[in-house]
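Reviewing the structure listed below.
Derivation of every value follows stated rules applied to the coordinates shown; laboratory data play no part. All of these numbers come straight from a predicted model, not from anything done at the bench. Note that each Cβ is placed from the backbone with ideal geometry, even for glycine, and that neighbours are counted across all protein chains shown.
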Amino acid sequence: MRASNWQSIQDVLQAFPNAKGIDAERVRFAVHGGDYRMIVAFFFEDQTAYIEFIGTHADYDAIDATKVSLFQRDTMKLRPIRNDDDLQDALRQVDELWRAAPGSPEAGQLELLTILIERYEDEKWPIDESDPIDILTYAFTEMGHSQAELATLLGSRSRASEIMGRKRPLTLDMIRKISEAWHIPIAVLAKPYALAKANNPEMEAIPLPHAPSMP
C-alpha cells in the first residue's frame, strides 16, 4: 500500500501505524506527543479526510467517537499525496499552519500533513538505494529535466558536467537551488557520495624524487 492511496481503513492504518481504527470510516490519532487525541473521518470514494475532533484524553472520554463532529469540513480537510502537485499543495498548507497552537485542530492537521509529506518523499526518493547523482540522472530521464537545465541552475555548463561526472561535489547552495526548482528533497541530495578518482596522465608520468642515500 502506498501512503498516497487510501482505499480502506486498513490502508490508513498502514500509512499511520500508530493510529487506531474506530469504525469503517473513523480513525483515532495520538498527537502533540500523545497529550491529545484526534478523530479523523475518511471518505474513500473522493479520497478526502476530515478532522472531526481534537482534545485531551479526558475530553475524548466524554464524547461519542463514532458521531462527534466539531469542525466545519471545508476548513479541516486532508487529502492523500499522490503526485508532486499534491505535495506542493500540502507544503503550502504546512507553511500556513506552522505556528498553530499546540492542541488546536490546526496543530493536528499540521502533524498529519507532515507525516504524509515524509511518507511520500520516502517512497519517491528512497535514500538508501540512490546517491545524489543517481537522483539527478533520474530527474533527467523520468522528470523531464536536463543537464542543460542543471547548468542554468548552477550558473555554469562546465560545473554541471563536473557534477554529473562525479568530479565536483554538490555544495549546500547547489542542493538548495536544485531542491527548490525541481522539488527534490534536500535530504536525498545531501547524502554523502564518492567522487571519481582524479586521472591526470601527465601527473602520473612525473617520477617521484628519491631520497639521497646516506654515505
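Work out the FRET efficiency for His57 and Ala100 from their Cβ-Cβ distance, taking R0 = 25 Å, and round it to the nearest 0.05.
Computed FRET efficiency for His57 and Ala100: 0.80.
Among [x] 19.5; [y] 15.4; [z] 16.7, only one was calculated for this model; which label is it, if the read-out is mean projected area of the Cα convex hull in nm²?
Of the labelled values, this structure produces [x].
Expressed as a whole number of Å, what is the distance separating the alpha-carbon centroids of the stretch 117-185 and the stretch 1-73?
Each part's Cα centre sits 36 Å from the other's.
Please state the relative contact order of the stretch 127-189 as a whole percent: Cα pairs under 8 Å, 6+ residues apart?
The normalised contact order for the stretch 127-189 reaches 34 percent.
Each label point is 7 Å from the Cα along the Cα-to-Cβ direction; what then is the distance between the points at Tyr193 and Leu13, in nm?
Output for this residue pair reads 4.0 nm.
Which one of Val27, Pro17, Trp6 is farthest out on the positive end of the charge dipole of the stretch 5-52, using unit charges on Cβ (Lys, Arg +1; Asp, Glu -1) and the Cα centre as origin?
Pro17
Sticking with the crude label model, points 7 Å out along Cα→Cβ, report the distance from Arg82 to Ala148 in nm, one decimal please.
Result for the modelled spin labels: 3.4 nm.
Based on the Cβ-Cβ distance from His32 to Arg92, what FRET efficiency comes out when R0 is 22 Å, to the nearest 0.05?
That gives a FRET efficiency of 0.50.
Rank-order 105-116, 51-62, 29-40 by packing density, defined as the average count of other C-beta atoms within 10 Å over each peptide's residues, highest first.
105-116, 29-40, 51-62
Across the chain, how many lysine pairs, 8 or more apart or on two chains, come within less than 23 Å at their alpha-carbon atoms?
Total qualifying Lys-Lys pairs in the chain comes to 9.
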